[in-house]
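Below is one structure, written out as structure tokens; comments come after it.
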Amino acid sequence: FFLKEADLGQNRATGSLPQLSALNPHVLVSAHTGPLNEDLLQKYQVVVLTDSSLDDQKRFGDFCHTRGIKFIVTDTKGLCGQLFCDFGEGFEVLDQDGEMPASLMIDRITKDNPGVVICADDQKHGLFDGSKVIFSEVQGMTELNSIGPVEIKVCGQYSFSICDTSSFSEYERGGVVTEVKQPLVLNFKPLSEAVNDHQLLIMNDYGKIARHNTLHLAFQALHGFVKKEQRLPQSWSQSDADLLLNMVKELNLVAKLEEVDEAALRSFCFTARGDLAPMNAFFGGLAAQEVIKACSGKFTPLQQWLYFDALECLPEDGGCLKESLFSPKGTRYDAQMVVFGSEFQQKLLRQKYFLVGAGAIGCELLKNFALIGLGAGDEGHITVTDMDFIERSNLNRQFLFRSKDIGKPKSEVAAKAVAEMNPQIKITAHQNRLDPDSEGLYDYSFFMGLDGVAAALDNVEARVYLDKRCVQHQKPMLEGGTLGSKGHTLVVVPHLTESYGPAKLSSGNAIPLCTLKNFPHRIEHTLQWARDQFEGLFKQTPENVNLFLR
């Protein structure tokens, strides 16, 4: 997405360099356009290979493993992709999940061998065998306050056993127990060994276990096919698919998979020439997150293979496979038409979409829309709205913005940036909040003119409101959100899937009223107590008066 038509015929690394450097002036980015060799690699802590041959992956993988360089491989072919990590021997993870350490109120502690700690029954402790904890503010059994981290054994959801407490003083009351994060040491296999170890495949969809195992062999077979034929399989060619299938069966004599997903394998072969922006965005994002883990020791890294496919995107009947639909047309969308055909591409160009929000997810979506050609035809159009202005703190993730844009409206700058990526895109930027006040603008005729809506919002109320409008006008909605390193997506299709629906009250963590009134003993309780007081004094009373006056 940083390459323009003016860059055709240029080297990709040198063509992207100025744009990449502009993302963050503190990061030194350089381009290397010669062949890869060991001398170059040994200067780095982390090496990521994309679009590389299996021979190179094994050769450089072994080199990096022996030198203690973290090594990542990622690749996409059409609708399938793979990711591999090797962080060497004895890689230390300092914080396995990045969550705040658990902190619990103590109800009582027994004098016993081993002693048992019973926590207050309003919160499950969530610890597991081998977790370590420290004690503070314990009255009576004060010996616990001064000993270091104690290993625990879980007895139940609210209790766990600790060391021998039979010689300690009697427990009186109070006390807080806090989890101590323990480092974890992991050992990785080099790619040349890991390639034959199916135990290292991390499943991310239990409905696709056979498919992911098959893809592991399919990627290996594809490397063999390219080495032998000096080309990728022709798109939608049955003879190439038969050839690849035989190569997979040969590999399976060693791997001994119970079942090979032949249908998925054929689809993989038919679409291997494809190169799709959303698949690359997904695998690029995952690989970048693994780089952060490799450098920081925070979060648990991938051990060691991950496969993902979106073969559901293909027509179930295989579609009408007219060769002419899939042949290159000399356009920017050729690598996409190889997978979906030219009729589908025309459909994408005609789409009319409404994007609400131009923040982190909004930027990613707009970039993908521009690359796939959504709304880039004569009849197509994208409307984006966001009431926010760009702040410096946005620049670590909202990559369509630069320092010079601080203070400008997000939607306008984002629209301009993607128009540079794909000059054909038709896009209008608004700065409206989406709520009942803007229904005059986003009215019945506006919604009825759309093909779909994408929500890149940062709060539940706005999502619920937009979802209601989409249900009302029977329009599909694509919705996503992130929280730190966690994320979710939801696709809402009228008459087919559940809608986002009204705001669900999370009953799981609701605080009982009697606790608030009589014994608020946790920080959350005191906050909620203060909120209730405040609302009683400053909200409910005036509201009642106003209601009476009206």
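The values are calculated or read from the model by the stated rules, or taken from the named source; none is laboratory data. Source: prediction; values computed, not measured. Methodologically, a virtual Cβ is constructed for each residue, glycine included, from the backbone with ideal geometry; neighbour enumeration extends over all protein chains shown. When the accessible area is computed, the model is the full protein with side chains, heavy atoms only, and any ligands, DNA or RNA have been set aside. Shrake-Rupley method; radii C 1.70, N 1.55, O 1.52, S 1.80 Å.
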Top-ranked residue in region 197-229 [being farther than 19 Å from Ala264 by Cβ and at pLDDT 90 or above; ranked as nearest to the chain's Cα centre (by Cα)]: Val226
Residue within region 250-264 that is over 30 Å from Asp97 (Cα atoms), open to solvent by 20 Å² or more (accessible area, probe 1.4 Å), touching a strand residue (DSSP E or B) at 6+ places or on another chain (Cβ under 8 Å) and among the charged types (D, E, K, R) present: no
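Residue by residue, here is whether (1) assigned to a loop (DSSP other than H, G, I, E, B); (2) among the hydrophobic types (A, V, I, L, M, F, W, C) holds:
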position	(1), (2)
Cys163	yes, yes
Ala210	no, yes
Leu215	no, yes
Gln220	no, no
Set Ser296, Ser267: member being crowded, with 19+ Cβ neighbours inside 10 Å, on the phi < 0 side of the Ramachandran plot and out of contact with any Lys or Arg (no Cβ under 8 Å at 6 or more places or on another chain): Ser267
Scope region 129-159; condition within 15 Å of Asn113 (Cβ to Cβ), in contact with an Asp or Glu (Cβ under 9 Å, 6 or more places away or on another chain) and part of a strand (DSSP E or B); matching residues: Glu151, Lys153
Test: residue in region 127-135 that is of a type in the set (Val, Ile, Thr), loosely packed, with under 15 Cβ neighbours inside 10 Å and modelled with pLDDT of 85 or more: no
Residue among Asp334, Asp275 that alone is touching a helix residue (DSSP H, G or I) at 6+ places or on another chain (Cβ under 6 Å) and open to solvent by 20 Å² or more (accessible area, probe 1.4 Å): Asp275
Per-region count, region 45-61, residues out of contact with any Phe, Trp or Tyr (no Cβ under 9 Å at 6 or more places or on another chain) and part of a helix (DSSP H, G or I): 4
Residue check, Ala241 touching a Lys or Arg at 6+ places or on another chain (Cβ under 6 Å), open to solvent by less than 40 Å² (accessible area, probe 1.4 Å) and not in a loop (DSSP other than H, G, I, E, B): yes
Close pairs from region 392-408: first within 18 Å of Glu364 (Cα to Cα), partner aromatic (Phe, Trp, Tyr) and crowded, with 16+ Cβ neighbours inside 10 Å, Cβ under 7 Å, at least 6 apart: Asn394/Phe401; Leu395/Phe401
Some residue of region 142-153 being under 30 Å from Ser52 (Cβ atoms), in contact (Cβ under 8 Å) with a residue 12 or more places away in the chain and of a type in the set (A, V, I, L, M): no
Single unsatisfied condition, Pro520 versus (1) in a loop (DSSP other than H, G, I, E, B); (2) open to solvent by 40 Å² or more (accessible area, probe 1.4 Å); (3) in contact with a Leu (Cβ under 7 Å, 6 or more places away or on another chain): (3)
Region 442-481, residues that are within 21 Å of the chain's Cα centre (by Cα), part of a helix (DSSP H, G or I) and within 19 Å of Lys410 (Cβ to Cβ): Arg463
Residue match in region 370-380 (condition: closer than 30 Å to Arg266 by Cα, buried (at least 20 other Cβ atoms within 10 Å of the Cβ) and touching a strand residue (DSSP E or B) at 6+ places or on another chain (Cβ under 9 Å)): yes
Long-range neighbours under 8 Å by Cβ, at least six apart or interchain, first residue touching a residue at least 12 places away in the same chain (Cβ under 8 Å) within region 431-455, second part of a strand (DSSP E or B) and open to solvent by 50 Å² or more (accessible area, probe 1.4 Å): Gly449/Lys352; Leu450/Lys352; Asp451/Lys352; Gly452/Leu478; Val453/Leu478; Ala454/Leu478; Ala455/Leu478
Residue ID - modelled with the lowest pLDDT, chosen from residues in region 304-325 that are open to solvent by 60 Å² or more (accessible area, probe 1.4 Å) and over 22 Å from Leu365 (Cβ atoms): Cys320
Subset of region 181-195 (residues that are surrounded by 13 or more Cβ atoms within 10 Å (Cβ to Cβ) and touching a residue at least 40 places away in the same chain (Cβ under 8 Å)): Lys181, Gln182, Leu184, Leu186, Phe188, Lys189, Pro190, Leu191, Ser192, Ala194, Val195
Where a residue in region 35-63 is without any contact (Cβ under 8 Å) to a residue 12 or more places away in the chain and its partner, wherever it lies, is assigned to a loop (DSSP other than H, G, I, E, B), with Cβ under 7 Å and at least six apart: Leu40/His32
Among (1) open to solvent by 30 Å² or more (accessible area, probe 1.4 Å); (2) touching a strand residue (DSSP E or B) at 6+ places or on another chain (Cβ under 7 Å); (3) within 20 Å of Asn187 (Cα to Cα) - the single one Phe71 does not satisfy: (1)
Matching residues, region 111-124, being touching a Ser or Thr at 6+ places or on another chain (Cβ under 8 Å) and assigned to a loop (DSSP other than H, G, I, E, B): Lys111, Asp112, Asn113, Pro114, Gly115, Asp122
Set Thr178, Thr142: member being closer than 28 Å to Thr515 by Cα and within 42 Å of the chain's Cα centre (by Cα): Thr178
